[in-house]
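Data block below; observations after.
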Amino acid sequence: MRKTKPIQAELIEFLCDECKRGYMRVVQGGRVIHSNPKQWQHQCSSCGEDAYLTFAYPVINYKGEDFMLAKHVRFQTEIMPMQMKDD
Ligand SMILES: [Zn+2]
C-alpha cells in the first residue's frame, strides 16, 4: 500500500533566459523529444518564450536527488529527434 510522510525538500525553478522574470513551465500536452536525456517543451510564465529543457520544471530536490512531476513522466506524446526538422 502507499504510505506518506512529510519531508523537507527544495523546489528548483528555471528562470527564463529571455526576460529573467518569468519561470519556464512544461506546456500541457506539449511535445517531448525522445533524446537522451529527454527534452520537455516549456513556455515562460511571463513573456511566453519557448524552450526545450532536459528537466520538466519545476523540479523537487530531496536528499540530493531530483524529482519531476509524475504527470509529465507517465503520460507523454513522444517524438523522435529526426521529426524535429520542420520546427
Ligand atoms: Zn520570459
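Listing for the model above:
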| quantity | calculated |
| --- | --- |
| Helix-only mean residue ellipticity at 222 nm for the chain, each DSSP H run of n ≥ 4 adding -39500 (n - 2.57), per residue, nearest 500 | -1000 deg cm²/dmol |
| Mean separation of Cα contacts under 8 Å, 6 or more apart, over the residue count of the chain: relative contact order % | 29 |
| Built amide H within the under 5 Å cut-off of Val32, gap 5+ | Thr77, Ile79 |
| Given Lys3/Lys71; Lys38/Lys63; Lys20/Lys63; Lys5/Lys63, the pairs whose alpha carbons are separated by over 21 Å | Lys38/Lys63; Lys20/Lys63 |
| Convex hull (Cα only) mean projected area of the range 10-79, reported in nm² to one decimal | 4.8 |
| Dimensions in Å of the range 1-49 - Rg and Dmax from alpha carbons | 14.8, 45 |
| The range 22-30 - phi-based ³J(HN,Hα) in whole Hz, Karplus 6.51/-1.76/1.60, Gly and Pro as x | x, 10, 6, 10, 5, 6, 4, x, x |
| Under 5 Å, built H, 5+ apart or other chain: amide partners of Tyr52 | His42 |
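Throughout, read-outs are computed from the coordinates displayed, never taken from laboratory work. Worth saying up front: this structure is predicted, and the values here are computed from it rather than measured.
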